[in-house]
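Everything below concerns the one structure shown next.
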Amino acid sequence: MMRNSAHLTVLLSICWFSQISFAGEVPCSTKNAPTGWHIFVDRTHKFCFQYPPVYKAVRDTSERKSIVVLNAEGQIYVWLDKRFSLQQLDDISRSGNPPEPTRINGLLFYYVGPGGGGVDYSDDFLFNLRGKILHIEFDGPYINDNHPSEGAKELERQLLATFRTF
């Protein structure tokens, strides 16, 4: 599925400083994040977001070379993929429907929700990051079959509201 690992390489720099330490450097100090959230900054690809303190950011050593933000109940994967196009987004969709354009805090994401068949599918948000597809995948927790819990859906919105490019 992922043909060229060079297109997937995401060099990560995880910053564990306070939000104030980034003032003037990257636009991640925002009013949208709840107090105490940590900041993830990818200086190579020039994006950042904030995430809850109950999660821990680690490097994914698999082929997709993502950042994984995880806790006991779920994971958040973030990685770059192939060239951005609406056709590529349609190919990624599990449901057979095109991804749903979704504006969050003025930015346009494309939402891919659960598929069918009672399988636990993540909620994926795709973003056009300088001509490449940036995946932000929220994997669990799930309830009653393949649907993320309401708490997980709220976390998705809160985290995506802190997403910035610089």
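Please go through segment 138-166 and give me each residue that is surrounded by fewer than 17 Cβ atoms within 10 Å (Cβ to Cβ), assigned to a loop (DSSP other than H, G, I, E, B) and modelled with pLDDT of 85 or more, ordered by number.
Phe166
Any chance segment 116-137 includes a residue that's within 18 Å of Glu73 (Cβ to Cβ), among the aliphatic types (A, V, I, L, M), at pLDDT 75 or above and not in a strand (DSSP E or B)?
Looking through segment 116-137, none of the residues is within 18 Å of Glu73 (Cβ to Cβ), among the aliphatic types (A, V, I, L, M), at pLDDT 75 or above and not in a strand (DSSP E or B).
Is one or more of the residues making up segment 64-85 among the basic types (Lys, Arg), modelled with pLDDT under 90, under 24 Å from Lys46 (Cα atoms) and in a loop (DSSP other than H, G, I, E, B)?
yes
The values are calculated or read from the model by the stated rules, or taken from the named source; none is laboratory data. Owing to the predicted nature of the structure, the values given are computational and were not obtained by experimental measurement. Virtual Cβ from ideal backbone geometry, glycine too; neighbours counted across all protein chains shown.
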